[in-house]
Each structure stands twice: as structure tokens, then as C-alpha cells.
Amino acid sequence: MCSMKTILLGFLVLAVCQTVLSKPSTPSADEAKEEADDYVGDDDYQYNDDNDDENKSGQTNKDDNSVHAPPYFESSQIKKSAKVGDNIVIECGAKNLAAANVVMWYNQTTLITQSKFKISDDSRLSVDDNYSLRINGVRATDASQYYCKVLPNDISMQVNLDVESKPTAVILDKEGRNISGRQMTYHQGDRIEIECRGMGNPVPQIKWFSKGERVASGNNVQVNNGFLIIEHADHDHVKLYQCLADNGKDDVGHATFSINVQYSPKVNAHRHIVNTKEGDDAELHCNYKSTTMSRVTWHKNKESLRLNNLDKYSTSNETKDEHHESNILVIKNVERSDLGEYECEVQNSIGKGHVRIHLGYEPEPPKFERFDIDGDTIITHWKIRSLQPLNEVMLNYQKNGDRNWLSEKPVHSEKSKEHSGIWRIQHKLSLDSGTWNARVKAKNADGWSLYSDQETIVVPTKPVIQKAGIGASSAVSIYQLSSAVCLVSLLLATLRI
């Protein structure tokens, strides 16, 4: 046992000694400084002494010849920056000037000063006793190449003046006319070409916006290098456009203009199929957009209605906004002979548009409202218009990719309390995860409605709940803990030997 203890203690001492011996010694800050000073040594002192001799010699020669040395520039070209409105001084920097020398300033090739006299008629420019050029109230146009020239030696220094200026923007039509802030009128089908020209330093990037969203190329519109091009003008392009000139600084330049397009009327209906019942008054709504005066006519079965028959028909017009209007046809005391297809035609100086509306006793096509998820059950909600009681409602559904439709009858059907002609329908379905398609049709005493639009229902994947237990990672952690306990126990047992 004693021999075992001795062996273990020997290994311990060996490990400690190896750690101590392998650790590099770190000199103190004072020792490091002394060592650095010693490293400089006499050689460096001798080197500096030689340099001093050379410098002294060079200085003596320079002083001896300074009277005869020609003028010179330390740099042949320099850069200088300024902002619009600054007052700046541009130094000439010529050395060894003599009385016989003449100093001149040029803006590129234009002479602006000679000696201490100003040649330019720009009152913002002046030259001081040291031949420095002063520019008061710097303008963006002052950005240029300036030259300080010394005669008769014919030497010069170039100064590149960069003037940072706030970005500005201007909108031009294809003839180059400024149309910023104006409304431009075009005809349907016209090609519109507009340029936004940005100015400033740094050069700004041009961006087009409309209704708070950036305008991008596509859908008959091209945006490229500040140009906004609309190949065929239409009612969709009637809006305000904004151009932004952005150079990444705090200020942004902007300009606006608006497009007005004279187009043929755009006509649609709020409901293309209208349910009614005998003896009621039926309303048909014809909605249209037009930028010019328009005329509305109604037809039934391709024949013009005699709207002067006030006992049967009446019409009225409602203005929704500047370009949106609605013409309402009222058919009084509906009879079966009044059923059929009606056409609303709207015409202006550019062209005409029309929409067809069917009047009947059968239900209108159902409208999908929403679906809810209740555990494993999907509940769909539909709205159906029918002044007559509903006899049957059928829901068809299929999983995306399947060919066959499945059917389901509603679990709940009731009349709306707010409107006697509206029914609320619910269906309950047990669907597995995935994408499903659904459609509904309804029937009353006069027949079936058309199917609703096909709706998509996405059923999410159910989350997998793992039961609590010891997994692989837990087993590894327990194994590591057990190993650590065994190691500590072994060490304690060794020390007790």
C-alpha cells in the first residue's frame, strides 16, 4: 500500500514540476524597458550621429544656396472639399518665391487672379498677401480644377475642389420641359416617357414612388436610370408620382407630378347575379370609372329599355369620388317576365364599356367568409343571398391534387337577423393536414345557384408532443456525472492511503 502511495505522489510531483518548468518567465515592465534600452546600444547612437552630421551638412548647403534656389511646390496636386455656402481659402503653397516671380490663379483655363490683383468679375473671389485664393459663399458650380501658376519658372500646382451639395430633383417630359408639380393629361394607349433628373454631389440615386410604394418595372411599366416609361397609358396609371434623389446623406431631393388619362369607361357590377322575388322591387348597380362625360343606357335581352316607363323603371346616379360613379336601375313590382339578363352600357368620347347582370329567383352564388380550426375539426362559414327559403346547401371539397370531389351537408343554417335575404351557413369537416379546395352551391324552390368561387383551405400539420423520459442525451449526462463521481471517490481513497 505504501509503495502504491509513493508511486501516486511521484506522478503528482512530476506533473507539477513539468507545469512549472514549461511556463515561460515573464520579465517585469522595468526589466523589459531596460532590455529595450540596452538593445538600442551604441550602434544606434553612432547611426544617429552620422545622420546629424549629414543633416548639419545639408542644412548648411541649403542655407548657403537659399538665395539662388528656384521656386517649387511640395505637391503637384492636392484635393480640397467644401460644402455649399462655405467660405474657403485655397493656399498656393509655392516655396522660395522671389520678387521677380508672378503668381497667377486659374479656374481650369480661365485666369482669375494675377499677383495680388483680381481679374475675374466674380465678387466672391479674392487673393490675399500670401497668394491664397479665397472663395466666399461656395456654390455647387465652383467645383472645378484650380491652378496656382508661378512665372517665369512656369510651374504650377493643381487643386481639385470638391463641393458637397444637397441633392435636388426635377421632372422632365420627353421634350425636356420641366413638368415638376404639374398634372399631365394623356389619351388611353399613349406612350408616356418621363425623366427624373437628380443633381448634387455625391451624385444622387433616383427612385420613383407612387401611393407610398416604390414603382418597379413590370405590368406595362419600365423604370430605368431615372426614366419612368409607360408603354400604353390606361386608367391604372392615373395617380400622383414622386421622384426622390437620394445620395445617402441626410437630405433627399424630391419632385412630383400626376398623370391623368382620358380612357374609355371601365364598367363592372357589384353583383353579377341578383336574387329577387315576385312583387319586390329589384336594384341593379352599374359601377363605372371615366374621366370625361359619360352616357349610360340599359338593355334587356339586347333590347333598349324604355326608361320613360316610370311605372316600371327608374334610374339614379351616385358619385363615389372624382372618377367613380354608380348608375342604379330599379325594376318595380317584379314579375317573371322581368327576369333575365340586363346590360349596362357606358359611353364617352374615347369609347364605351359594358357589364351584364342576371336577375332571377334562384339563390345567388355563395360567398366564402372564413374557416375556423377547433381541435381536429374545420368549420367553414358561408353567406348566401336568397329571399326565398333554402331547400338544400351542398359543400364539395377535395384535397389538392385529387380528381374526385367529396360532399358534405351543413350542420348549421340560419337567416341573418340584419337582412332577411341573407343566410349564414356552417359546415364541419375532419381534414388531415395539407391544402384543400372547397366550393358551395345552394337551392331554393326555383332552382340551384351557381357554385361559389373555389376557396383554398390550408390545414396546418399537428405538432408532435414528446412524452417525458430519459433520452439519449439524458443518458449521456448521467454517464458523465457517474464518471465524475467515481473519479472523485478514487482520489479521496488514494489520499486516505
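So what J values fall out for segment 242-253 if you push phi through Karplus, 6.51 cos²θ - 1.76 cosθ + 1.60 with θ = phi - 60°, rounded to Hz, Gly and Pro as x?
Along segment 242-253, the couplings run 10, 10, 10, 10, 10, 10, x, 8, 5, 8, 10, x Hz.
Scan around Cys92 for amide H atoms under 5 Å from its own, H built in the peptide plane at 1.01 Å from N, and keep only partners 5 or more places away or cross-chain.
Here Ser132, Leu133 satisfy the definition.
Whose amide H sits under 5 Å from the amide H of Ile155, counting only residues 5 or more places off or on another chain, with H placed in the peptide plane?
The list, which skips near neighbours in sequence, is Val150.
Scattering from the C-alpha atoms of segment 78-152 alone, worked out with Debye: what is log10 I(q)/I(0) at q = 0.14, 0.18, 0.19 1/Å?
The Debye formula, applied to the Cα set alone, gives -0.42, -0.69, -0.77.
With every protein chain kept in the model, how would you rank Leu406, Leu305 by accessible area, 1.4 Å probe, largest at the top? List each step's numbers first, then the result.
Working: Leu406 90, Leu305 25 Å².
The ordering from most to least exposed comes out as Leu406, Leu305.
Roughly speaking, what is the stretch gain from Asp121 to Glu283, that is 0.36 nm per residue apart minus the C-alpha to C-alpha distance, in nm to one decimal?
Values: separation 162, 0.36 × 162 = 58.32 nm, distance 7.91 nm.
Length gained, Asp121 through Glu283: 50.4 nm.
Could you derive backbone 3J(HN,Hα) for segment 262-279 from the dihedral phi with the Karplus parameters 6.51, -1.76 and 1.60 (θ = phi - 60°), listing whole Hz in sequence and x where the residue is Gly or Pro?
Result, rounded to whole Hz: 8, 10, 5, x, 9, 10, 8, 10, 5, 9, 7, 10, 10, 8, 8, 9, 4, x.
If each of Asn333 and Glu392 carries a label point 7 Å out from its Cα toward its Cβ, how far apart are those two points in nm?
So the label points at Asn333 and Glu392 sit 3.6 nm apart.
Within segment 325-355, report the GluC sites (Glu not before Pro) that DSSP leaves as loop and that have at most 14 other Cβ atoms within 10 Å.
Those that pass, being in a loop and sparsely packed, are Glu335.
What spacing in nm lies between the two simple spin-label points modelled at Thr109 and Val411, each 7 Å away from Cα in the Cβ direction?
9.1 nm
The values are calculated or read from the model by the stated rules, or taken from the named source; none is laboratory data. These numbers come from a predicted model, not from an experiment. Virtual Cβ from ideal backbone geometry, glycine too; neighbours counted across all protein chains shown. Calculation scope for accessible area: heavy atoms of the full protein, side chains included, ligands and nucleic acids excluded. Shrake-Rupley method; radii C 1.70, N 1.55, O 1.52, S 1.80 Å.
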